[in-house]
Amino acid sequence: MKFGKLVDKAWEEKSAAEILQAPPSALEGLTEKHDEQLAALGIKTVGDLGSWKYARRAAALADLADTDK
């Protein structure tokens, strides 16, 4: 699978498993400064970020927002 628009150029040819073990800065738009800030929250990998309970809650709310009328 190609992850070109989701990850930094250096990570485009990597597998999902490799990307999940990468630092958050592997994601397009995040930097090493973000890695430091996220590490203070216990988030050291893309996988940690994806499974972080607050990120999951925010994503669920965003997904449901259109149904709340």
Once neighbouring chains are kept in place and the probe is 1.4 Å, which whole percent of the accessible area of the chain is contributed by carbon and sulfur?
57 percent
Can you give me the distance in nm between label points at A58 and K2, each placed 7 Å from the Cα along the Cα-to-Cβ direction?
2.9 nm
So the angle from the long Cα axis of helix 53-64 to the longest Cα principal axis of the chain, reported in degrees to the nearest 10, equals 50 degrees
Cα extents of the chain along the three principal axes, largest first, in whole Å?
42, 31, 19
Please turn the phi angles of region 36-51 into ³J(HN,Hα) values with the Karplus equation 6.51 cos²θ - 1.76 cosθ + 1.60 (θ = phi - 60°), one per residue in order, whole Hz, x for glycine and proline.
4, 5, 5, 4, 5, 9, x, 9, 10, 9, 4, x, 4, 5, x, 9
At a threshold of 8 angstrom on Cα-Cα distance, excluding pairs fewer than six apart, so keeping six or more, what relative contact order does the chain reach in percent?
24 percent
With all protein chains present and a 1.4 Å probe, the order of E13, E28, E18 from largest accessible area down is E13, E28, E18
5 Å is the cut-off here: which amide hydrogens, built 1.01 Å from N in the peptide plane, fall below it relative to V7, excluding neighbours closer than 5 in sequence?
E28
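The values are calculated or read from the model by the stated rules, or taken from the named source; none is laboratory data. What you see is a predicted model; the values in this text were computed from it and never measured. Heads up, the Cβs are rebuilt from the backbone with ideal geometry, glycines too, and the neighbour counts pull from every protein chain shown. Each accessible area value is taken on the protein alone, full model and side chains, heavy atoms only, with ligands, DNA and RNA left out. Shrake-Rupley method; radii C 1.70, N 1.55, O 1.52, S 1.80 Å.
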